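The values are calculated or read from the model by the stated rules, or taken from the named source; none is laboratory data. On a predicted model such as this, the values are computed, not experimentally measured, just so you know. Please note: Cβ atoms are built from the backbone with ideal geometry, for glycine as well, and neighbour counts cover all protein chains shown.
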There are 2 protein chains.
Amino acid sequence: MDKSLLNRTPPSWAPVRANSVANQIVAQVREALFAGKLGPGDLIGSEKELARQFDVSRITVRDALRTLETMGIVEIRVGATGGTRIANGNLDHFSDALAIQFKLSGVTEYEILDMQIVIESTGTELAAQNRTEKDLERLSQLLDEASLVLDNPEEFTQAGQKFHLAIIEASGNRALVAQFKSLRHVIWPRGAKRAKREIAEHAYEVHQKLFTMIKEGEAEPARKLMVAHLSSIRTIAFPENNKQSSNGPICC
Amino acid sequence: MDKSLLNRTPPSWAPVRANSVANQIVAQVREALFAGKLGPGDLIGSEKELARQFDVSRITVRDALRTLETMGIVEIRVGATGGTRIANGNLDHFSDALAIQFKLSGVTEYEILDMQIVIESTGTELAAQNRTEKDLERLSQLLDEASLVLDNPEEFTQAGQKFHLAIIEASGNRALVAQFKSLRHVIWPRGAKRAKREIAEHAYEVHQKLFTMIKEGEAEPARKLMVAHLSSIRTIAFPENNKQSSNGPICC
DNA sequence: TTGATATAATGATATAACAATTAGATCATT
DNA sequence: AATGATCTAATTGTTATATCATTATATCAA
């Protein structure tokens with residue numbers, strides 16, 4: 001990296017902010033990452049060093065680093081031996097970002113609910129095909145935990161969510177997990193809807209069946225059961241608008 | 001927003017950076033957005049105003065704004081009547097962010113390709129169910145455009161991608177559109193793969209069939225054809241690794 | 001009415017300084 | 001020698017002040 005790489009006199013027609021010095025630094029680090037010149041854990045340098053290398057002020061470097069940090073490209077640590085390093089991937093950042101865009105774009109709850117059914121049923125099908133022994137252990141453990149809190153609506157709901165996530169993770173597709181997480185926050189934003197005892201028992205039974213199907217590799221039955229399960233949850237969570245999705249039935 | 005909302009003396013056990021003043025400002029704006037107190041287009045204020053409101057320096061405000069901007073929550077404009085506003089959703093920027101995270105996380109091409117097939121086949125199915133007359137017009141128009149550039153690999157590829165996007169948009173589910181877009185350029189960053197004449201003709205025929213099925217509401221056939229179509233594209237684009245996805249067949 | 005110009009608001013960048021945090025070195029004590 | 005306290009240097013976090021570049025609006029002249 002060298003200051004000579006910075007274009008201090010960009011074409012006049014270009015927007016200002018896109019060509020800011022800070023953004024040029026961001027672009028350079030990004031490109032170095034995709035070119036394989038930088039990888040997770042690599043030290044980029046301290047703010048002072050970078051300011052000297054690029055021949056810009058610390059403020060400008062900070063702007064760039066803040067952007068890179070928010071993108072999840074770098075991690076910043078304070079103190080001695082601190083500084084900026086290439087981050088390890090964290091897909092949760094992306095899920096958060098996508099969730100924000102849903103909010104800003106005015107995507108409705110129904111659209112998201114429909115997508116949840118799509119993603120989660122697919123994940124269930126894949127889980128039945130690809131689950132490892134470790135996945136099964138995890139699912140079994142979560143089932144046990146849930147069985148202990150059947151009378152505690154809040155904790156049971158939480159345990160149930162963990163179970164659902166564990167199923168998706170058992171699919172073996174991290175891209176799918178990332179998309180799933182981006183949709184997850186929507187259903188229970190208020191943490192309000194709580195499962196009463198009888199409802200919890202029913203959900204627990206379904207979870208047990210799902211576990212068996214996934215264990216036995218019964219992909220299509222597992223998928224169908226998950227679709228029914230989620231539709232049932234939707235009915236409980238959104239009783240006021242129990243009409244079918246405006247888009248008609250989703251798959252199957 | 002008021003400076004009294006900033007916690008200047010956080011618990012000593014908490015990590016430093018998470019409690020930085022700048023990050024507290026970020027959190028406040030974010031929460032205001034999700035609480036509905038702020039919406040797209042709302043003016044947050046200028047750096048100077050915000051610095052006064054929060055009783056912090058301009059630099060600190062800038063740090064926060066830069067983060068919010070990278071998150072896609074705000075848009076910043078320079079000049080008179082400039083300042084920071086809550087952004088409109090922009091999903092296209094995210095493929096970049098997602099591609100970076102996939103890269104850093106070591107997510108494989110296969111996981112991404114599988115996910116693309118899931119999203120796109122589902123979108124096709126929904127399009128056959130929910131497409132409007134306007135959607136059909138758009139699709140028809142794009143078909144016509146593609147037919148004119150069968151001999152121009154680059155333009156045909158571009159037209160084809162537009163057609164695929166239009167199908168997804170015809171699904172009527174913006175969350176699905178968002179997820180589609182987020183995966184879209186992850187693998188083909190430069191629109192590199194080009195279709196030769198015979199391949200283009202075949203793709204064009206498939207697109208025509210897809211159009212007819214979507215028009216006639218034949219959801220399941222349309223889905224299956226799209227899966228086959230994408231698998232075919234994958235074979236062309238990734239001939240070296242034509243083995244089946246490590247996770248086994250996806251759905252259907 | 002139109003077009004050029006001045007003005008004021010705003011972000012972008014620079015410089016200097018101090019505060020808070022952190023890892024590692026140093027040193028005293030047992 | 002081991003241990004714990006303390007010091008030190010490096011680094012990010014924050015503040016203050018100033019200047020430059022950009023941009024919408026107002027003003028004014030033709």
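Numerical summary
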read-out	value
Residue selected from region B:193-203 under the condition in a helix (DSSP H, G or I) and surrounded by 20 or more Cβ atoms within 10 Å (Cβ to Cβ), by the criterion modelled with the highest pLDDT	B:Ala203
Output for region A:126-162, where each listed residue is among the acidic types (Asp, Glu), more than 14 Å from chain B (Cβ to nearest Cβ) and either under 16 Å from A:Met226 (Cβ atoms) or exposed (fewer than 14 other Cβ atoms within 10 Å of the Cβ) (or both)	A:Glu133, A:Glu137, A:Asp144, A:Asp151, A:Glu154
Matching entry among B:Ala80, B:Ala127 (being more than 16 Å from DNA strand C (Cβ to nearest atom) and of a type in the set (A, V, I, L, M, F, W, C))	B:Ala127
B:Gln24 being in contact with a strand residue (DSSP E or B) (Cβ under 8 Å, 6 or more places away or on another chain) and more than 11 Å from DNA strand C (Cβ to nearest atom)	no
Residue check, A:Leu43 touching a strand residue (DSSP E or B) at 6+ places or on another chain (Cβ under 8 Å) and away from chain B (no Cβ under 12 Å)	yes
Set A:Arg85, A:Arg77, A:Arg58, A:Arg66: member being at the interface with another protein chain (Cβ under 7 Å from one of its Cβ atoms) and among the charged types (D, E, K, R)	A:Arg66
Any hit, region A:36-48, residues being assigned by TED's automatic domain parsing to the domain that holds A:Gly82, near DNA strand C (Cβ under 9 Å from one of its atoms) and either touching a Lys or Arg at 6+ places or on another chain (Cβ under 6 Å) or at pLDDT below 90 (or both)	no
Some residue of region A:235-246 being of a type in the set (Lys, Arg), modelled with pLDDT of 80 or more and closer than 27 Å to B:Arg223 by Cα	no
Residue match in region B:68-77 (condition: outside any helix (DSSP H, G or I), of a type in the set (Gly, Ala, Ser) and away from DNA strand C (no atom under 12 Å from the Cβ))	yes
Subset of region B:88-112 that is in a helix (DSSP H, G or I) and more than 9 Å from every other protein chain (Cβ to nearest Cβ) - its residue that is farthest from the chain's Cα centre (by Cα)	B:Glu109
Flag for A:Arg52 being surrounded by fewer than 20 Cβ atoms within 10 Å (Cβ to Cβ), within 16 Å of DNA strand C (Cβ to nearest atom) and away from every other protein chain (no Cβ under 11 Å)	yes
Selection status of B:Leu33, more than 10 Å from DNA strand D (Cβ to nearest atom) and under 18 Å from A:Ile59 (Cβ atoms)	no
Tally of residues being crowded, with 18+ Cβ neighbours inside 10 Å, within 16 Å of DNA strand D (Cβ to nearest atom) and farther than 15 Å from B:Ile44 by Cβ across region B:61-108	1
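Residue by residue, here is whether (1) modelled with pLDDT under 90; (2) touching a strand residue (DSSP E or B) at 6+ places or on another chain (Cβ under 8 Å); (3) more than 20 Å from A:Ala99 (Cβ to Cβ) holds:
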| residue | (1), (2), (3) |
| --- | --- |
| B:Glu69 | no, yes, no |
| B:Gly82 | yes, yes, yes |
| B:Ala87 | no, yes, no |
| B:Leu113 | no, no, yes |
| B:Leu126 | no, no, yes |
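Every residue, every condition in (1) in contact with a Gly (Cβ under 8 Å, 6 or more places away or on another chain); (2) among the charged types (D, E, K, R); (3) at pLDDT 90 or above; (4) in a helix (DSSP H, G or I), yes or no:
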| residue | (1), (2), (3), (4) |
| --- | --- |
| B:Gln141 | no, no, yes, yes |
| B:Val149 | no, no, yes, no |
| B:Gly160 | no, no, yes, yes |
| B:Ser171 | yes, no, yes, no |
